[in-house]
Every structure is written in structure tokens, then in C-alpha cells.
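Have a look at the structure below before the remarks.
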Amino acid sequence: MSRNTSESSEELGASPEAPNGGRRMALDVHGRLRSMILSGELPPGSALLQAEMARRLGVSRTPMREAFRLLQEEGLIDARPDQRARVRGVDPEDLDGVYGARIMLEALAVTTTAKTLTGEDLDRMAELLERMREFSDDEKPDEWYAAHREFHGMATRAVGAQLRRTLSSHAEHSERYIRLAQLGVPGSRARAHKEHEALLDALKAGDEAEAARVVAGHLARTALSVLADVAPEYDPVTTRSALRIVGGGKA
């Protein structure tokens, strides 16, 4: 029996490492496609053919199938049997839910973090803020987003590992909405820069309540801007309710 199994594996070119290698390849392909969707390189509504994308990325169709499955689980694409997969458009309910959750959780996280940041931490956040200002002209968007992620990560880092993972997941999910807000609203990055400055000032002062209020308003503005642009008829109950709770009755 073991001889036949070995012969079969050799005939197929398999090895004990093949499943792990295949999984790593699928995750790499998933990451590349995910980045293309979040950056807008593959805009909402784009048709996705597995064979075409496999050729484009220089991989076989096996990891591409797994990557499509992961993207569908994340809600980034619709891939029904016997139908061409497509990049999902903006789902107002999804956006409202994600930002409602972010407002509540990030307000909690900055409140927890406010009095734990060292002078070194605050200097680093000031550097990141300057990097965002430097890259706010859209010439190097990836650098802006990298600095933005690190800035928000530092502002919320004092919470436990489980909450940090949740915050990171929500932030990644939100990135396509941030990009849409910046595309649809002129001056969006300049306004965001002022809000980031206000958050840093609150953290420097150790003002927990003000830090929570600023981050809640900052997140809500992004959500409401995108919804006003793509789904003006939608009532963002979750976002407004979260903002009202954090803001002490103001929404």
C-alpha cells in the first residue's frame, strides 16, 4: 500500500511540502488580488476570469481558484457557479456596519491608549503625520496608506491582541472606502490631515475623551462622505448611532 501511494505521489510530481507550498501560493495570489481591488486597480463591477487573471499574475489556476474563494468569503467579489466573478460594488449596509463598529472600537482603543504613549511614541506619530502630508498629492498613494495604517495602529495599540486583530481587520476592510472618499470628495486628505493633527494633540495632552471624540468624528466623516456620494438614499443608522454614543449625544 505504501509503495503504491509513493508511486502515485511521484507520478503526480507531489511531495510532502506540496500542500503547504500550494497554500502559500494561494495566499500570495489572494493578497495580490485583494490589493488590486482595494486600490481601485480592479474597480467595482470589474469582471474577473480565473484563466485571464492566472495568466496576468503568472500562476496556475489552482491557487487562483482558492484565492477567488477567499475573496468571496471576505465579500470583495461575487463568484456564483456558472457565472463570471465580479468585484463587488459598494454595499451601503456593509459600509455602515464596518464604520459603526470602527467608531465604537477605535474610540475605546484610543481611550485606553491615550495615557500610555511615551514621548518617543508621540514623536513617531508626528513623523507619520508629516509623511502623510508629504504624500497627500496622490503621487505615492501606497506610502500615504502605509503611514496612515501605522498612525492609527499606534493610536490604538494599548488594547489586547484580540481587539488589535479586530481593529486591523476592520481597518483593512475600510481601505477601499477611504480610497472612494478621497476620489469623490476634493480636499478629503487635507481635512483628514487636520483631524489626524487634532487626534495627535489630544493624545499628547492625555485627553481620553477628546481623543475618542476626534477619532469617532474622523471615521464617521469618511463613511458619511462615501454614502452621500454612492448611496444618498441610504440612512446610515449604525454610523450615526455609534457617533452619538461616543459623542455623548451628538451626531
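Say we join alpha carbon atoms closer than 10 Å with springs in a Gaussian network model of the chain; which of 146, 192, 101 then has the biggest fluctuation?
146
Provide the per residue accessible area, probe 1.4 Å, for the chain, rounded to a whole number of square angstrom.
Result: 54 Å² per residue.
From largest to smallest, what semi-axes in whole angstrom does region 72-183 give when each is the square root of 5 times an eigenvalue of its alpha carbon gyration tensor? Numbers along the way, then the final one.
On the way: eigenvalues 175, 73, 23 Å².
After diagonalising the Cα gyration tensor, the semi-axes are 30, 19, 11 Å.
What three numbers, in Å, describe the spread of the alpha carbons of the chain along their principal axes, ordered from the longest?
Between the extreme Cα coordinates on each principal axis of the chain lie 70, 43, 34 Å.
Report, to the nearest whole %, how much of the accessible area of the chain belongs to carbon and sulfur atoms, 1.4 Å probe, protein only.
After summing per-atom areas, the C and S share lands at 49 percent.
Out of 222, 112, 239, any idea which swings most in a Gaussian network model of the chain, alpha carbons joined below 10 Å?
Evaluated over the chain, the most mobile residue of the options is 112.
Find the relative contact order for the chain and round it to a whole percent, using C-alpha pairs within less than 8 Å whose residues are 6+ positions apart. Please list the in-between numbers first.
Details: 270 pairs, mean separation 57.7, N = 251.
Relative contact order, the chain: 23 percent.
Provide the gained length on full extension for the span residue 244 to residue 69, in nm with one decimal, where the gain is 0.36 nm per separating residue minus the Cα-Cα distance.
Values: separation 175, 0.36 × 175 = 63.00 nm, distance 3.73 nm.
Taking residue 244 through residue 69 to full extension adds about 59.3 nm, to one decimal.
Mind checking the dipole of region 41-110: about its Cα centre, +1 per Lys or Arg Cβ, -1 per Asp or Glu Cβ, Debye to the nearest 20?
Dipole of region 41-110, to the nearest 20 debye: 480 debye.
With the alpha-carbon atoms as the only input, what is the per residue convex hull volume for region 102-152 in Å³?
Considering the Cα atoms of region 102-152, their hull volume per residue is 72 Å³.
The values are calculated or read from the model by the stated rules, or taken from the named source; none is laboratory data. This structure is a prediction, so every number in the text was calculated from the model and none was measured. Cβ coordinates were reconstructed from backbone atoms using ideal geometry, including for glycine residues, and neighbour counts include every protein chain displayed. For the accessible areas, the whole protein counts, side chains as well, though only heavy atoms, and no ligand, DNA or RNA atoms are used. Shrake-Rupley method; radii C 1.70, N 1.55, O 1.52, S 1.80 Å.
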